[in-house]
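Encoded as structure tokens, the structure appears first; notes follow it.
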Amino acid sequence: MFFLQIARQFFIDNNSLRFSNASEGDKIPDLISKQISKKTKKERYAEILLGSVPYDATKYLTTKEEFYSQFEKFSHGISGANHRYTTLGHDPLLGWIFGTVNIITNTLTKNNFSLESYTIKNMKIERPILISEVFQNFFIQIREDKLLLPVAFLKQGLHFSSDAFTKMGLPVPILNNISPEFAGQLLGEEYRIDFYSISRGVLFSSLINSIITMLHNFYYNETIDNRKIYEVRTKKIILYSNMISTTSNLIYTSITKNFNKLDIGGFIVTLYKFYKSETFIRKLKEEYVNSKLDKYYDEKIRILDNKIKILLEN
């Protein structure tokens, strides 16, 4: 059964099932956005839903020299090549917060300790702004218009849906906050390890595990097999097949140096199955031991009761 997992890893690598460029991915959310915009009377909503997100901006509003002369200690260092892992709006987890805030306030926030932020004008970086000012502006705007937050949140989701399937993809969450540079390296052509490739690996691996579980359950015979013992066998089959496929994937990747075949999603599922299977088996053993102890003590108590009755009768 582990051949299904190995076949998945071989035929679907980290480059598979993606749009060739960002514009193709944008077609899907644009179609949805156009339908939504027809239903709203406020131009602001249409601008948000149909326009670009501010954290996609990479160019200066003025020349670089003019920007440096005004704000000499600031250099945003954002480009088309690195903006996916240097801006918090593109973070698969924190992006839901900071990306939404940036959309409403028309700002950009970098993925660094100081949360360096900039105002955006005409999709160009205008000037630095404190993150406290960004959030202050955000709260003022959502107090004035309660529908603004869900509209911006929807736009964030639509933008994620387009970026996730493109070649550059979205960075690996958590890792992107610890080391943006390493997360950016993983996004490169050598690896193509991003949020989508990992999520897809987890999904397909889990789907195959479900199919194997279902097939194995077809052979369950309640007149012969104990249900819980049979579940242990099923979990062991799933665990062993996952361990074999993950080990073979690591060996293949290390030999060929083709890191596009590295199945991080499958590795995560294997670790999870190992933990869950061990927990289930340990719990089952505890239940078995406790049941035996209960029977033992019940028998001892019964014998003791009989002795007491005999003594009382005499």
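The values are calculated or read from the model by the stated rules, or taken from the named source; none is laboratory data. Computed from a prediction, not measured in an experiment: that's the story for all the values here. Here the Cβ is made from the backbone with ideal geometry for all residues, glycine too, and neighbour counts use every protein chain on show. Calculation scope for accessible area: heavy atoms of the full protein, side chains included, ligands and nucleic acids excluded. Shrake-Rupley method; radii C 1.70, N 1.55, O 1.52, S 1.80 Å.
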_Scope region 129-154; condition closer than 26 Å to I178 by Cα and either charged (D, E, K, R) or in contact with a Lys or Arg (Cβ under 9 Å, 6 or more places away or on another chain) (or both); matching residues_ = E133
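Please find, among I238, I229, I264, the residue that is farther than 26 Å from V172 by Cα and open to solvent by 40 Å² or more (accessible area, probe 1.4 Å).
Working: I238 fails: open to solvent by 40 Å² or more (accessible area, probe 1.4 Å); I264 fails: farther than 26 Å from V172 by Cα.
Being farther than 26 Å from V172 by Cα and open to solvent by 40 Å² or more (accessible area, probe 1.4 Å) holds for just one of I238, I229, I264, which is I229.
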_Tell me whether region 188-200 contains one or more residues that are aliphatic (A, V, I, L, M), in contact with a helix residue (DSSP H, G or I) (Cβ under 8 Å, 6 or more places away or on another chain) and farther than 30 Å from F71 by Cα._
yes
_Pull out all pairs, ordered by first then second residue, where Cβ-Cβ is under 9 Å, the residues are six or more apart or on different chains, the first lies in region 81-109 and is without any contact (Cβ under 8 Å) to a residue 12 or more places away in the chain and closer than 22 Å to T166 by Cα, and the second is among the small types (G, A, S) and surrounded by fewer than 24 Cβ atoms within 10 Å (Cβ to Cβ)._
A81/G184
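Test of understanding: among F267, F280, F259, which residue is modelled with pLDDT under 90, within 30 Å of N15 (Cα to Cα) and not charged (D, E, K, R)? Before you say what the answer is, go through the steps one by one.
Details: F267 fails: modelled with pLDDT under 90; F280 fails: within 30 Å of N15 (Cα to Cα).
Step by step, each of F267, F280, F259 is checked, and only F259 is modelled with pLDDT under 90, within 30 Å of N15 (Cα to Cα) and not charged (D, E, K, R).
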*Quick check: anything in region 201-222 acidic (D, E), open to solvent by 60 Å² or more (accessible area, probe 1.4 Å) and not in a loop (DSSP other than H, G, I, E, B)?*
no
*asked:* Just to check your reading of the model, which residue among K73, K64, K59 is farther than 21 Å from F138 by Cβ and either crowded, with 20+ Cβ neighbours inside 10 Å or at pLDDT 90 or above (or both)?
replied: K59
*Could you please tell me which pairs satisfy a Cβ distance under 9 Å, a separation of 6+ or placement on different chains, a first residue in region 129-150 that is without any contact (Cβ under 8 Å) to a residue 60 or more places away in the chain, and a second residue that is of a type in the set (D, E) and surrounded by 12 or more Cβ atoms within 10 Å (Cβ to Cβ)?*
I131/E116
